[in-house]
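Heads up: the structure comes next, in structure tokens.
Each value in this text was obtained by applying a stated rule to the coordinates, not by laboratory testing. Model, not experiment: these values are computed from the prediction. We place every Cβ from the backbone using ideal geometry, glycine too, and count neighbours over all the protein chains shown.
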């Protein structure tokens, strides 16, 4: 698996498994390959103004603005959230830690999700997402991608890879998303970007049934000769999920043409997936 880290300007470690895809984000550029990637990204015609977020970034991760997610939420109905039900300590799905907490059902149109999080008292000071914030972030994920996610876990326990200088913010795969404590206050936009990235790992699992799936994506990504962010260098799964944020937030807008011009082969591959 791989881990997804919120961009707080530090590098983290990564591990992988053959059965799922996950993610961590990092902010430093400290390898020759990353420096070459940045140099290549500078030669592409850049966008300015409201579409500037589609440009390859020199540090950190892809970050779409709040208005992009607000637009996407307009395509979904309002979320309904069930009352909390106490949940005994047990392992949260295939990838989550063990903790006691509460469970709620979130319904968005015809889709239903399980959200399991600690009690509010346990969450205090950990900068964790509320169920409402999670529901709003899910509303900003297009329904065809949202369908690949079933459960969201909010852990009060930091990920084992988290250190004093490196924070693992979340992971996704096999239909699950886990969100971990953060060292700084998080906004709705933070959770919108993070859940869109993590849901991308679940979505890619629909098409990447073996190692060839990631390899085929990497061929197209390499043809673009540039990367949305330095974190895309981690592996093809992270490249996909970083681009997924741009794909979702620009498709059908005036920024779509710019995104397609900068990343033509990734865009074409994503459309190919949608047509399957």
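Key figures for this structure:
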{"item": "Cβ-derived FRET efficiency at R0 30 Å, residue 150 paired with residue 121, nearest 0.05", "result": "0.65"}
{"item": "Two-site FRET efficiency, residue 265 against residue 103, from Cβ-Cβ distance with R₀ of 51 Å, rounded to 0.05", "result": "0.75"}
{"item": "Full-stretch length increase - residue 253, residue 222 - with 0.36 nm per residue and alpha-carbon distance subtracted", "result": "8.6 nm"}
{"item": "Among 168-177, 182-191, the order from most to least packed when residues are scored by Cβ within 10 Å on average", "result": "168-177, 182-191"}
{"item": "Order of 210, 235 - criterion: other Cβ atoms within 10 Å of each residue's Cβ, fewest first", "result": "210, 235"}
{"item": "Theoretical FRET efficiency, 1/(1+(r/R0)^6), r = Cβ-Cβ of residue 272 and residue 233, R0 22 Å, to 0.05", "result": "0.40"}
{"item": "Gyration tensor verdict on segment 32-274 (Cα atoms; rounded if a/c is under 1.5, prolate if a/b is larger than b/c, oblate otherwise)", "result": "prolate"}
